[in-house]
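Written below as structure tokens is the structure these notes are about.
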Amino acid sequence: MTLESGRFFSYDLGSRKNCLYLECDVKPVRLAILGLGTVGGGALKLLKENAAEIKRRTGREIQITHVGTRRPRPDLDLPESVKQSADLLDIVRQPDVDVVVEVMGGIHPAYEVIKEAILHGKQVVTANKALLAEHGNELFKLADDNAVQIAYEAAVAGGIPIIKVMREGLAANKIDWLAGIINGTGNFILTEMRDKGRAFADVLKEAQELGYAEADPTFDVEGIDAAHKLTLLASIAFGIPLQFDKVFTEGISKITAQDVKYAEDLGFRIKHLGIARRAETGIELRVHPTLIPEEQLIANVNGVKNAVLVQANAVGPTLYYGAGAGAGPTASAVVADVVDIVRDISYTEDGAGTIPQLAFESLSDLPILPREEMTTGYYIRINAEDQTGVLAEVTSILSREGISIDAILQQSRLKDLIPIVILTDPVKEAKMDEALKQIQALPVIHGEIVRIRLESLDN
């Protein structure tokens, strides 16, 4: 077959159509965007600004036919051809919708809307980590049964393409563990506490004023948002069902400027990490404040930035860093998913995609370990009376429980008490529980013992 200069040809292989040069005479892919907040508005802007670039990448025009909004939005300057409606279920049933982009957030009505979209054969793009973490097993199965996709790059770490990395880029590897700063609000708070010696409550108030934290910051500061994201990452990493209810979650609201400083003095920084680790007897899923060595690259991820460190058996450690939220970064991930789906619609038999939703064709029944069975190092701070033999008694208890001490730091007297900081080698949580129970019962110990987990992240 010959090709004349400046001309193009197309050829069909079944329902596949490949085009060379100029443009194919193919129909646009039609989108409905549900939710016109920060992310939805950002996606609209990006689709408009980069329309030519996106068309060159996909070979198809992407046309917005519907937007879901509570009230008309004349400020968005949408073409008259774009229908605006608050009836989301009606939108996803329409024949002029090929792809539904859900960026409303929250579990309801997003769950009902996405389910209806799938049942009507629509491809779905979502940034909704809470929905997928808690209902993803059902929705992914429904999508498979109806030969459509749920794309969710924007659900974890904003503009960082970590889902694509885990599902595709590291597909040849067995993932040993991953650790991520996956909530920008918490990272901002801890950064300010370290850099400026500020109290948690003071920085939280500023984060709310800056728009980094909601009026009710519980999801961010107590680790729920990070646990949703970790649930997704762990399922992709290990090929296990989504099990949000089994993630051990601890927030940062009890972290003090005092402990941040002591950690710094010992060569560590405190970060709020989501950690998923393959252990001998199962999988550890945990979100909690963590001491990590200051020389680790992830220890130097500051402000509202996100980062995910992945340890894989072939490639070793790889680190992924960038903006974890915001209109531009999150819209970047949303539109990238749209591009992938448009390509699949164009170049696969049924548009259902070629990559399993959670990266594995069959999921494993590896158990999720309870907190007591997890293994990590510890930072322990106790406030003790200034008496002879106190330290010896504390170390004796740790020794009896089989806990090895890595370092001890005795601080300057605070009022009538001596703060003692102890770093331990990794040990099962149950052993540490028992040791701290015995130490707490000593009459010379005042106040609640502070326990912060410690990870070296070096293997």
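The values are calculated or read from the model by the stated rules, or taken from the named source; none is laboratory data. What you are looking at is a predicted structure, and each value in this text was computed from that prediction instead of being measured. Don't worry about glycine lacking a Cβ; one is built from the backbone with ideal geometry, like all the others, and counts go over all protein chains shown.
G389 falls short on exactly one of the conditions (1) under 18 Å from Y262 (Cβ atoms); (2) surrounded by fewer than 13 Cβ atoms within 10 Å (Cβ to Cβ); (3) of a type outside the set (S, T, N, Q), and that condition is (1). Taking the conditions exactly as written (assigned by TED's automatic domain parsing to the domain that holds A435, exposed (fewer than 11 other Cβ atoms within 10 Å of the Cβ) and more than 38 Å from the chain's Cα centre (by Cα)), does L414 satisfy them or not? Yes, satisfied.
In region 287-298, of all residues being aliphatic (A, V, I, L, M) and under 11 Å from L319 (Cβ atoms), the one that is nearest to the chain's Cα centre (by Cα) corresponds to I298.
Among the residues making up region 359-372, those that are in contact with a Gly (Cβ under 7 Å, 6 or more places away or on another chain), of a type outside the set (V, I, T) and surrounded by 14 or more Cβ atoms within 10 Å (Cβ to Cβ) are A359, F360, L363, L366, P367, L369. The residue list T424, T395 contains one member that is part of a strand (DSSP E or B) and either out of contact with any Leu (no Cβ under 7 Å at 6 or more places or on another chain) or within 23 Å of Q258 (Cα to Cα) (or both), which is T424. When Q258 is tested against (1) part of a helix (DSSP H, G or I); (2) without any contact (Cβ under 8 Å) to a residue 60 or more places away in the chain; (3) of a type outside the set (K, R), only condition (2) is not met. Between I403, I408, the distinction of being part of a strand (DSSP E or B), among the β-branched types (V, I, T) and surrounded by 13 or more Cβ atoms within 10 Å (Cβ to Cβ) belongs to I408 only. Scanning region 166-198 for residues that are over 27 Å from F268 (Cβ atoms), in contact (Cβ under 8 Å) with a residue 40 or more places away in the chain and part of a helix (DSSP H, G or I) yields M166, R167, E168. Out of V26, V67, V97, one residue alone is assigned to a loop (DSSP other than H, G, I, E, B), under 25 Å from I114 (Cβ atoms) and among the β-branched types (V, I, T). It is V97. Of the residues making up region 261-281, just one is among the charged types (D, E, K, R), part of a helix (DSSP H, G or I) and either under 30 Å from I368 (Cβ atoms) or in contact with an Asp or Glu (Cβ under 8 Å, 6 or more places away or on another chain) (or both), namely E264. Among the candidates L409, L442, L369, the residue that is at pLDDT below 95, touching an Asp or Glu at 6+ places or on another chain (Cβ under 8 Å) and among the aliphatic types (A, V, I, L, M) is uniquely L409. In the set (1) farther than 27 Å from V421 by Cα; (2) in a strand (DSSP E or B), the condition left unmet by D350 is number (2).
When residues in region 314-359 are screened for being β-branched (V, I, T) and free of Cβ contacts under 8 Å to residues at least 12 places away in the same chain, 1 of them pass. Among the candidates T126, T69, T38, single out the residue that is in the same structural domain as A155 (by TED's automatic domain parsing), closer than 27 Å to Y212 by Cβ and crowded, with 22+ Cβ neighbours inside 10 Å. Criteria check complete, one pass: T126.
Yes or no, residue by residue, for (1) within 19 Å of G353 (Cβ to Cβ); (2) assigned by TED's automatic domain parsing to the domain that holds A43; (3) over 26 Å from the mean Cα position of the chain (by Cα):
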| residue | (1), (2), (3) |
| --- | --- |
| V82 | no, yes, yes |
| L88 | no, yes, yes |
| P95 | no, yes, yes |
| D98 | yes, yes, yes |
| E102 | yes, yes, no |
| E112 | no, yes, no |
| L139 | yes, yes, no |
